[in-house]
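Okay, structure first, notes after.
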Amino acid sequence: MSELVHYEVRDRVAVLTIDNPPVNALGPGVWEAIDEAVARASADGAADAIVLVGAGSTFIAGADINVFKLLKTPQDSMDRSAGTHALLVRWEDAPKPLVAAIHGNALGGGLEVAMSCHYRVAAKDAKVGQPEVNLGIIPGAAGTQRLPRLAGAATAIAMCTDGKPVAAAKAKAAGIVDEVVDGDLLTGAIAFAKARAAAGERRQTREIGFDADAKAAGLAACEKARASLRPEPRAPHAAIDAIQAALTLPFDQGSVRERELFAERVVSTESKALRHLFFAEREAARVADVKKDTPTVEIKRAAVVGAGTMGGGIAMSYANAGIPVLLKEVDDAALQRGLATIRKNYEGSVAKGRLTPEAYERTMALITPTTSYDGFDAVDIVVEAVFENMDLKQRTFADLGRVTRPDCVLASNTSTLDIDVFAQASGRPAQVVGHHFFSPANVMKLLEIVRGKETSASVVASSVKLGKKLAKVPVVVGNCFGFVANRMLAYYMREAYLLLEEGAPVEQVDRVLMDFGLPVGPFGMQDIAGIDVGARIRQYLASVGQTRAEGPQSEVPDRLFEMGRYGQKTGAGWYRYEPGSRERIPDPLVEQLAAEAAAKRGIARRKVGDDEILARIATALANEGARVLEDGFAQRASDIDVIYCYGFGFPRHRGGPMFYADTVGLPTVLARVREYRARFGDYWKPAPLLERMVAEGRRLYQD
Ligand code: 3H9
């Protein structure tokens with residue numbers, strides 16, 4: 001018998017255990033091994049029923065994602081998938097009740113395998129889902145055909161278009177799972193299988209039909225879902241098309257339609273981009289010179305200094321992960337303000353039903369407010385989140401060096417300042433690291449881990465581990481101005497400001513970026529983040545003779561700042577806002593400021609095309625990204641993609657700014673930089689890495 005699927009008979013039930021660590025992905029050989037085991041069990045006189053279960057932490061996390069890159073054409077995919085379809089039908093035809101016993105996750109192909117079994121029983125904390133859209137594809141092993149038959153079209157559409165897994169209890173209510181087992185899963189599954197065998201029952205999902213009402217409601221749900229989607233990404237549209245085929249065609253024909261749609265998607269740039277990010281996100285946690293066995297500090301208690309917007313959000317992240325956290329402010333008034341914001345945030349979640357009142361109380365109780373350093377000698381990490389002021393931060397780190405244990409990790413949430421300076425101030429530079437959270441810190445998933453000159457390998461490894469525990473996506477970066485995220489952002493914003501001065505209204509620039517797939521354009525984003533934040537950083541930089549990005553510095557954001565137009569919080573910024581509303585209303589005053597700025601710099605304003613806006617902004621990002629990479633502040637291009645997608649909402653289906661540059665073609669990107677240099681000036685300097693890669697005919701990523 002295969003090593004990938006173990007076979008044993010327990011209490012007259014054949015137990016087939018899939019054993020393909022780490023997540024029992026359906027890689028080469030696994031499909032065949034299950035097939036062989038089902039055939040053996042079907043013929044085994046010692047077994048009356050069959051249970052399919054996963055070894056280790058999960059049932060099956062889906063098809064092996066690595067295999068998709070071998071599919072170069074839609075026909076490659078069609079050739080392979082017909083065989084898979086036949087296997088699943090064969091299992092469904094097994095002569096004895098076949099029961100999937102699900103623990104951990106049954107995702108993608110994993111759920112498709114389970115749905116081709118006659119029944120499904122699940123552990124209480126198991127999850128099932130069709131997350132293929134997150135990889136730019138759709139279910140390809142008849143998931144879009146069997147799921148609507150089990151759960152109805154509306155549930156299938158929701159699961160196949162948003163890709164979110166569903167918990168066992170909800171899956172049972174939806175008809176996907178037949179029984180939820182509280183105790184030992186395998187024992188429960190064996191008992192369930194024996195009972196079905198005794199009753200002579202076997203239910204084939206593919207035989208479930210749709211009556212006229214279900215069909216009409218399903219088709220209406222397809223229309224409604226289509227209307228709610230943006231034109232891109234395409235995979236959710238394809239998933240709906242496939243579900244519609246389930247409603248209108250016999251099972252076998254619907255399955256062929258699904259496979260055609262899958263084949264088209266799997267070779268798309270969208271799918272390549274999303275698969276790239278799947279692996280990039282996991283790769284980002286690996287640090288070349290930090291070995292796997294580097295000892296790490298377990299963070300059991302934490303402290304946050306500063307209860308402002310960032311400090312409060314960071315304390316919430318710790319509490320959400322179940323880690324008790326001291327929250328320190330200078331005085332009681334500031335502390336109470338911070339706590340009130342935290343409470344308001346949690347109460348919002350309770351009101352939306354995302355948090356139970358009990359969980360709110362439990363989580364809130366993990367945050368201990370304080371105005372002193374009492375108790376700091378017992379914490380494993382301190383995150384400093386005081387104002388972005390060098391003197392204040394240095395003083396804070398000097399204090400932290402005194403009041404904490406020598407092995408305590410000392411993290412700074414600075415977004416721009418040099419952490420090596422704080423490291424010296426603490427007297428314990430090896431323990432100092434940047435933990436750059438993004439606002440709102442309790443929501444945004446990116447965590448830039450900034451490695452200083454002397455940060456120890458153990459502190460880096462501990463930070464990565466902690467980041468995952470806090471449900472963040474940790475990426476280790478070097479200590480340059482703005483680190484990676486804000487350094488790139490400075491170039492993104494520079495181009496946006498200059499395009500505005502040249503004649504592109506803020507609403508045009510924002511619309512182009514939103515059409516490209518960002519949730520909000522650069523100006524709308526700044527109105528949310530606060531124009532004052534950037535202005536203060538520029539003031540600090542001016543005081544030390546620096547600028548954020550090379551090139552002309554637009555005066556427009558500073559003029560808005562001087563006018564007290566900080567964005568949404570003051571009712572006006574790049575846009576105007578009616579009281580209590582977040583609707584962005586274009587403001588002629590901004591156009592006037594842009595025209596004045598253009599006149600001062602001798603720029604003749606013109607109509608700027610949408611294509612130019614996208615090309616300029618994307619090229620600025622890619623060129624600066626190449627410099628970040630060459631300077632060694634990011635370990636790999638894919639880290640930059642992860643950072644920009646998670647930090648600033650770059651559309652995932654475009655793979656991130658570096659992947660997108662590869663899609664456009666590096667020679668085109670370089671040609672644009674050169675063209676802009678000729679048109680606008682020497683501040684448009686091609687990154688040497690970009691020039692070299694083009695000269696050598698290389699790409700950033702291989703297919
Ligand atoms: C599909 O099924 C299409 C079908 O419809 C078509 C059939 C014809 N393949 O995430 P983790 C690796 S599409 C290959 O860190 P966690 C992962 O790269 C698939 N590798 O663990 C990592 O490797 P490394 C639909 C996979 O506990 C290691 O396993 N399914 C796969 O945080 C551990 O992963 C999905 O989209 C895979 N399918 O989370 C589910 N899955 O150690 C994708 C994982 O070298 N997977 N790996 O970095 C997940 O969402 C999470 O892995 C899971 C566990 C929630 C399961």
For this session: Give VAL506, VAL512 a once-over and let me know the one that is closer than 19 Å to PHE648 by Cβ and within 27 Å of the chain's Cα centre (by Cα).
Result: VAL512
Seminar exercise, completed: Those residues of the range 318-332 that are surrounded by 20 or more Cβ atoms within 10 Å (Cβ to Cβ) and in contact with a Pro (Cβ under 9 Å, 6 or more places away or on another chain) come to a total of 5
Problem set entry | Where SER456 falls short, out of the listed (1) surrounded by fewer than 17 Cβ atoms within 10 Å (Cβ to Cβ); (2) free of Cβ contacts under 8 Å to residues at least 40 places away in the same chain; (3) not hydrophobic (A, V, I, L, M, F, W, C) | (1)
For this session: Could you grab the pairs with beta carbons closer than 6 Å, sequence gap of 6+ or different chains, first residue in the range 136-158 and under 22 Å from VAL267 (Cβ atoms) and open to solvent by less than 10 Å² (accessible area, probe 1.4 Å), second one within 10 Å of the ligand (Cβ to nearest atom) and not in a helix (DSSP H, G or I)?
Result: PRO139/GLN130; GLY143/GLN130
Seminar exercise, completed: Residue pairs within 6 Å by beta carbon, gap of at least six or interchain, first lying in the range 553-568 and farther than 14 Å from LEU589 by Cα, second of a type in the set (Ser, Thr, Tyr) and open to solvent by 50 Å² or more (accessible area, probe 1.4 Å), listed first then second, are GLN553/THR547
Exercise. Does ARG698 satisfy the criteria of being open to solvent by 60 Å² or more (accessible area, probe 1.4 Å) and not in a loop (DSSP other than H, G, I, E, B)?
Worked result: no
For this session: Would you check which residues across the range 275-305 are away from the ligand (no atom under 15 Å from the Cβ) and outside any loop (DSSP other than H, G, I, E, B) and list them?
Result: ALA302, ALA303, VAL304, VAL305
For this session: Could you list, in sequence order, all residues of the range 159-178 that are touching a residue at least 60 places away in the same chain (Cβ under 8 Å) and away from the ligand (no atom under 16 Å from the Cβ)?
Result: VAL177
Seminar exercise, completed: Of the candidates GLN253, GLN244, GLN336, the one satisfying the condition of being more than 15 Å from the ligand (Cβ to nearest atom), more than 26 Å from the chain's Cα centre (by Cα), crowded, with 22+ Cβ neighbours inside 10 Å and of a type in the set (S, T, N, Q) is GLN244
For this session: Identify, from the list ALA385, ALA302, ALA315, ALA351, the residue that is surrounded by fewer than 15 Cβ atoms within 10 Å (Cβ to Cβ) and among the aliphatic types (A, V, I, L, M).
Result: ALA351
Exercise. When you go through (1) open to solvent by 10 Å² or more (accessible area, probe 1.4 Å); (2) outside any loop (DSSP other than H, G, I, E, B); (3) farther than 16 Å from VAL475 by Cα one by one for ASP682, which number turns out not to apply?
Worked result: (2)
For this session: Spot the failing condition for GLY27; the list is (1) within 14 Å of the ligand (Cβ to nearest atom); (2) surrounded by fewer than 14 Cβ atoms within 10 Å (Cβ to Cβ); (3) not hydrophobic (A, V, I, L, M, F, W, C), and only one is missed.
Result: (2)
Exercise. Which one of THR414, THR404 is touching a helix residue (DSSP H, G or I) at 6+ places or on another chain (Cβ under 7 Å) and farther than 22 Å from ARG536 by Cβ?
Worked result: THR404
Exercise. Residues LEU98, LEU71, LEU88: which one is within 28 Å of the chain's Cα centre (by Cα) and open to solvent by less than 50 Å² (accessible area, probe 1.4 Å)?
Worked result: LEU71
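Results for (1) farther than 19 Å from VAL506 by Cβ; (2) touching a strand residue (DSSP E or B) at 6+ places or on another chain (Cβ under 7 Å), shown as yes or no for each residue.
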position	(1), (2)
ILE613	no, no
ILE617	no, no
ASN623	yes, no
VAL628	yes, yes
GLY647	yes, yes
Exercise. Got a sec? Which of PRO357, PRO406, PRO369 is farther than 22 Å from THR455 by Cβ and exposed (fewer than 14 other Cβ atoms within 10 Å of the Cβ)?
Worked result: PRO357
For this session: Please state which one of ILE18, ILE34 is modelled with pLDDT of 95 or more, within 30 Å of the chain's Cα centre (by Cα), within 16 Å of the ligand (Cβ to nearest atom) and closer than 19 Å to ALA193 by Cα.
Result: ILE18
Exercise. PRO131 is checked against (1) open to solvent by 10 Å² or more (accessible area, probe 1.4 Å); (2) farther than 23 Å from ALA221 by Cβ; (3) within 12 Å of the ligand (Cβ to nearest atom) and fails just one. What number does that condition carry?
Worked result: (2)
For this session: Keeping to the range 64-107, report how many residues are closer than 24 Å to GLY254 by Cβ, assigned to a strand (DSSP E or B) and either more than 12 Å from the ligand (Cβ to nearest atom) or without any contact (Cβ under 8 Å) to a residue 40 or more places away in the chain (or both).
Result: 2
Problem set entry | Failed criterion for GLU112 (all others in (1) away from the ligand (no atom under 12 Å from the Cβ); (2) charged (D, E, K, R); (3) open to solvent by less than 10 Å² (accessible area, probe 1.4 Å) hold) | (1)
Seminar exercise, completed: Counted residues in the range 517-532 being free of Cβ contacts under 8 Å to residues at least 60 places away in the same chain and surrounded by fewer than 17 Cβ atoms within 10 Å (Cβ to Cβ) come to 1
For this session: Answer with yes or no whether VAL297 is farther than 30 Å from VAL533 by Cβ and either in the same structural domain as GLN336 (by TED's automatic domain parsing) or open to solvent by less than 70 Å² (accessible area, probe 1.4 Å) (or both).
Result: yes
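The values are calculated or read from the model by the stated rules, or taken from the named source; none is laboratory data. None of the values given here were measured: they were computed from a predicted structure. Because the Cβ atoms are built from the backbone with ideal geometry, glycine has one as well, and the counts that use them run over all protein chains shown. Heads up: the accessible areas ignore ligands, DNA and RNA and are worked out on the full protein's heavy atoms, side chains in. Shrake-Rupley method; radii C 1.70, N 1.55, O 1.52, S 1.80 Å.
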